[in-house]
1. With only Lys, Arg, Asp and Glu charged, each at its Cβ (+1 for the first two, -1 for the last two), find how big the charge dipole of the stretch 102-142 is about the Cα centre; round to the nearest 20 debye.
2. How much accessible area per residue does the chain have, in Å², with a 1.4 Å probe?
3. Mind putting a number on the dipole of the stretch 34-152 about its Cα centre? Charges go on the C-beta only, +1 for Lys and Arg and -1 for Asp and Glu, and I need it in Debye to the nearest 20.
4. Percent of accessible area on the chain owned by carbon and sulfur, 1.4 Å probe?
5. List the chymotrypsin sites (Phe, Trp or Tyr not before Pro) within the stretch 48-152 that fall in a DSSP loop (any state other than H, G, I, E or B) and whose Cβ has at most 15 other Cβ atoms within 10 Å.
6. To the nearest 10 Å², what's H107's accessible area with a 1.4 Å probe?
7. Specify the angular offset, from 0 to 90 degrees and rounded to the nearest 10, of the alpha carbon long axis of helix 74-84 from the longest principal axis of the alpha carbons in the chain.
Amino acid sequence: MAQSLLAQAPAAQSGVTKFTSSGIPVLFKPVTANDVIAVRLYLKGGSANLTAKMAGIERLIGETSTRGTQKYPKEVFDARSVTTGSTIGAAATYDYSVYTLQAVRQHWDEAWDLLAETVTHPTFPAAELELVRERVLNEQRQHEDNADAHLD
């Protein structure tokens, strides 16, 4: 799939090209200054759609999904990320959640596979889920203790 996405887009164009791939709207902007590829996958949702009981769930899901998949247990996932120079992350905002990938062109296929696994087949290992949950809760406690944060 990754190769077909790149094959459909113009090779050397300075502007943004819009197209659809498998029903997914795509914005493609080539940057020829380096061999880094950046991808962002936006998912509708966000914290605005959550109840108080479910607050933080999208962030928890996103951050934990990068800690092991059906194909790549955490240790293998981490090792492949390092050896390919790939960085995969996730975040939740008020209106949407986003998965991000930064990779070098030479390892594009491996990096895309890691991102695809993260989005489609996360395993949410219990130990990792608890680590992320505790870290998020501690960040929230720190935020409440920071007077400057209240000004924001």
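1. Taking the Cα centre of the stretch 102-142 as origin, the dipole is about 240 debye.
2. 65 Å²
3. Dipole magnitude for the stretch 34-152 comes out near 320 debye.
4. Looking at the chain in its full context, I get 56 percent from C and S.
5. In loop regions of the stretch 48-152 (DSSP not H, G, I, E or B), the sparsely surrounded chymotrypsin sites (Phe, Trp or Tyr not before Pro) are Y94.
6. 60 Å²
7. The angle comes out at about 40 degrees.
The values are calculated or read from the model by the stated rules, or taken from the named source; none is laboratory data. As the structure is a prediction and not an experimental result, all values here were calculated from the model. Heads up, the Cβs are rebuilt from the backbone with ideal geometry, glycines too, and the neighbour counts pull from every protein chain shown. Heavy atoms of the whole protein, side chains included, go into the accessibility calculation; ligands, DNA and RNA do not. Shrake-Rupley method; radii C 1.70, N 1.55, O 1.52, S 1.80 Å.
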